[in-house]
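Participant: I have a structure here, written as C-alpha cells, and I will follow up with some questions on it.
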Amino acid sequence: RTELALKEIMSSGGAEDDIPQAERKTVTDFCYLLDKSKQLFNGLRDLPQYGQKQWQSYFGRTFDVYTKLWKFQQQHRQVLDNRYGLKRWQIGEIASKIGQLYYHYYLRTSETSYLNEAFSFYSAIRQRSYYSQVNKEDRPELVVKKLRYYARFIVVCLLLNKMDVVKDLVKELSDEIEDYTHRFNTEDQVEWNLVLQEVAAFIEADPVMVLNDDNTIVITSNRLSETGAPLLEQGMIVGQLALADALIIGNCNNQVKFSELTIDMFRMLQALEREPMKLASQMNKPGMQESTEKPARRENPHKYLLYKPTFSQLYTFLAASFKELPANSVLLIYLSATGVFPSGRSDSEGPYDFGGVLTNSNRDIINGDAIHKRNQSYKEMHCLHPGDLYPFTRKPLFIIVDSSNSVAYKNFTNLFGQPLVCLLSPTAYPKALQDQSQRGSLFTLFLNNPLMAFLFVSGLSSMRRGLWEKCQDYLRKINRDIAQLLTHSRSIDQSFLQFFGDEFLRLLLTRFIFCSATMRMHKIFRETRNYPESYPQLPRDETVENPHLQKHILELASILDVRNVFLENTLDDY
C-alpha cells in the first residue's frame with residue numbers, strides 16, 4: 001500500500017527523478033509510520049477489555065509510534081506539504097488519535113491526569129483549525145470524522161468539568177451537523193441530532209446552580225480533593241484495607257446519558273477519583289514512569305464502566321476484578337439499575353427469592369420494572385440477584401445499590417467472614433418531591449455532591465457562591481463528626497470500621513449517614529421506603545438518628561434559611 005501511495009505521490013509532484021533522495025526517504029518514512037500507527041490503533045479494539053496487564057505493552061508500542069509520527073510531521077512539514085500533499089485535516093486526524101489514546105488510557109487506568117493530556121491534544125485541533133478545510137471537500141466521510149472528534153472532545157470536557165468549553169463545543173457541533181445534513185442528504189441526521197439532545201440534557205442534569213456575583217455559573221468539582229475526606233483521629237482503630245477496583249454499572253431505563261455514561265455512572269466515577277494533576281510533558285508516555293519517581297499520593301482505584309451490561313458481561317468483568325484484586329484490597333460494586341421484583345410467591349427466603357436489579361436483554365423488558373416470564377416458578381433470568389454476588393464475598397466487598405428494589409440486597413448473608421457492607425438507596429421517594437429520576441438518582445447525588453442534594457430536598461434551585469462555600473465548610477465539620485460517631489460507636493458492625501481506613505470509602509460512608517439522617521428528619525420523607533438502608537444495619541441512635549448529628553443538620557438548614565423543611569424534635573416522632 002505504501003509503495004503504491006509513494007508512486008502516486010511522487011509522480012504527481014513532477015518527474016520521479018527530480019525528487020532529491022533525502023526528500024524521497026522522508027515521504028517513505030512518513031508513509032511507513034502512518035501505516036504502522038493505523039495498524040496498531042486498529043489493533044487496540046481487539047485487546048481484551050478486562051484484565052489490567054495484557055494490554056499495557058501494546059498501548060506502549062502504539063504510543064511510541066504516534067509520538068514518532070507526531071514529531072516527524074512537525075520536523076518535516078514543508079517536504080510533506082510539497083511532496084506528499086499533507087493536508088491539515090490529516091494532521092488533525094493524527095492529533096485526534098493521540099487524544100483518543102490518552103482517553104482510552106484514562107479508561108483503562110482511572111488516572112485522571114491522562115484526561116488533561118487528551119484535552120490538550122483535542123484543544124490544539126480546535127485552536128489550530130486543523131479540520132476547517134474539511135467542509136470544502138466533497139467527502140461526507142471526512143465531515144463525519146470531524147463530528148466524531150467533537151463528540152469525543154465533549155466527553156473529555158464533561159469528565160474534566162469544563163462546562164464552559166462544553167457549551168461552546170455543543171454550539172459548534174450543532175452548526176456543523178446542520179451544514180453536514182444540508183450538504184449531504186444522509187441517513188444519520190437523526191442520530192447526530194440525538195447526540196445533541198443527549199449532551200444538552202446531560203449538562204442540565206444538576207438540580208441546583210451555584211452562581212457568581214455576575215450570575216455566571218460556578219463549576220463545582222466532586223472529585224476527592226486534599227481536604228475532601230475527614231481525617232482519622234490519632235489512635236482511631238480502623239482497617240488498613242484499600243479500595244483497589246470498582247465496577248460502576250448503569251442500567252436505568254430513561255436516565256440521561258451521553259456516550260456510554262448515564263448521569264449516575266458519571267457522578268459515581270467522580271466520587272472514586274482524585275482531582276487530576278497535570279503531567280509534566282506534552283507527550284508523556286503512560287505507564288513509563290521511572291520507578292524512582294514514586295507518585296506523592298495513592299493512585300485512583302481502577303474502574304470498569306459498564307453501560308447496560310448483560311448478565312454474562314457483568315459476571316465476566318466481576319470475575320476479572322475479583323481475580324486481580326491485590327491482598328488487603330477492596331472491590332466496590334455500584335449498581336444503578338431498574339429493579340426486578342419476584343413475580344411468584346416463594347415459601348423460602350433465600351438469596352434468589354427477592355429479585356434484584358436488571359441486567360440487559362433485548363427482549364423481556366415490559367413497562368420498565370416488570371419482567372414477563374412464562375413460568376412463575378422460575379427465577380428472573382435477566383437480573384443480578386444478591387445470591388449472584390455470594391461467590392465474590394470471599395474477598396472484602398463494598399456494594400452500593402441504587403434501585404427501586406435495593407432492599408433485595410438487605411437479605412445478604414456474610415458466608416466467609418470477610419468485610420462486607422451494602423449501602424442501599426430508598427426504594428421510593430415522596431410524591432411531593434418533584435420527580436427528578438431522569439436527571440439522576442437523589443441517593444447517588446448525595447454520595448457524589450451531598451450539599452447539592454441537601455439544597456434540592458430543601459426546595460432550593462440556585463445559590464450564591466459565598467453561601468455555597470460557607471455551607472461546604474460546615475458540611476466538612478459534619479463529616480468529621482460523623483466519622484467520630486462511627487469510630488466511637490460501641491455496637492457498630494466491624495465491617496464498617498474495616499473499610500474506614502480508605503479515604504474514598506470513608507467519604508462514601510459519612511455521606512451515606514448524612515443522607516440517611518437528612519431524609520429521616522425531612523418532613524415529607526415519612527415512609528420507611530423513603531430511607532436508605534444498609535447491610536449490616538447501622539445502630540440508629542449512634543449514627544443516623546444521633547441527636548448531635550440532628551442538631552448539625554438543623555444548623556445547616558438555618559444557614560440556608562430552610563429550617564421549616566425539617567422536623568425540629570425528631571426523636572419524639574419515632
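Participant: Working from Cα positions, state the angle (0 to 90°, nearest 10) between the long axis of helix 311-324 and the longest principal axis of the chain.
Facilitator: Between helix and principal axis, roughly 90 degrees.
Participant: Quick check: the angle from helix 503-521's long axis to the longest principal axis of the chain, C-alpha only, nearest 10 degrees?
Facilitator: 50 degrees
Participant: Looking only at Cα atoms, what is the convex hull volume of the chain per residue, in Å³? Working shown, then result.
Facilitator: On the way: hull volume 104.6 nm³, N = 574.
Taking the convex hull of the Cα positions in the chain, it is 182 Å³ per residue.
Participant: On the protein heavy atoms, probe 1.4 angstrom, tell me the percent of accessible surface of the chain carried by carbon and sulfur.
Facilitator: Carbon and sulfur: 48 percent of the exposed surface of the chain.
Participant: With the Cα gyration tensor of the stretch 37-129 in hand, convert its eigenvalues to equivalent ellipsoid semi-axes via √(5λ) and list them largest first in whole Å.
Facilitator: The answer is 26, 16, 10 Å, longest axis first.
Participant: Along Cα→Cβ, 7 Å out, is where each label goes; now give me the distance between the ones at His488 and Thr216 in nm to one decimal.
Facilitator: Result: 4.4 nm between the two label points.
Participant: Kindly flag which residue pairs out of Lys257/Lys303; Lys71/Lys162; Lys97/Lys146; Lys97/Lys303; Lys38/Lys146; Lys146/Lys308 have an alpha-carbon separation exceeding 21 Å in this structure.
Facilitator: Working: Lys257/Lys303 18 Å; Lys71/Lys162 28 Å; Lys97/Lys146 12 Å; Lys97/Lys303 23 Å; Lys38/Lys146 18 Å; Lys146/Lys308 28 Å.
In this structure, Lys71/Lys162; Lys97/Lys303; Lys146/Lys308 lie more than 21 Å apart at Cα.
Participant: Still on this structure: List the equivalent ellipsoid semi-axes of the stretch 15-210 in whole Å, largest first, each obtained as the square root of 5λ for an eigenvalue λ of the Cα gyration tensor.
Facilitator: Over the Cα atoms of the stretch 15-210, the ellipsoid semi-axes are 32, 23, 15 Å.
Participant: Now, a different point. Straight-line reach from Lys551: which aspartates and glutamates have Cα under 19 Å away, leaving out those fewer than 8 places along the same chain?
Facilitator: Qualifying aspartates and glutamates at Cα under 19 Å: Asp473, Asp481, Asp541, Glu542, Asp561, Glu568, Asp572, Asp573.
Participant: Another question, then. What number comes out for accessible area per residue over the chain if the probe is 1.4 Å? Units Å², please.
Facilitator: Ligands and nucleic acids excluded, the figure is 47 Å² per residue.
Participant: Can you give me the angle between helix 189-203 and the longest principal axis of the chain, using Cα atoms only, in degrees from 0 to 90, rounded to the nearest 10?
Facilitator: 50 degrees
Participant: So for the stretch 92-189, considering every pair of alpha-carbon atoms, how many percent are separated by more than 16 Å?
Facilitator: Pairs farther apart than 16 Å: 55 percent.
Participant: Between Gln78 and Asp35, what's the calculated FRET efficiency when r is the beta-carbon distance and R0 is 25 Å? Round to 0.05.
Facilitator: 0.70
The values are calculated or read from the model by the stated rules, or taken from the named source; none is laboratory data. Computed from a predicted structure; not experimentally measured. Positions of Cβ are generated from backbone atoms using ideal geometry, with glycine treated the same way; all protein chains shown enter the neighbour counts. To get the accessible areas, we keep the full protein, side chains included, count just its heavy atoms, and leave off ligands, DNA and RNA. Shrake-Rupley method; radii C 1.70, N 1.55, O 1.52, S 1.80 Å.
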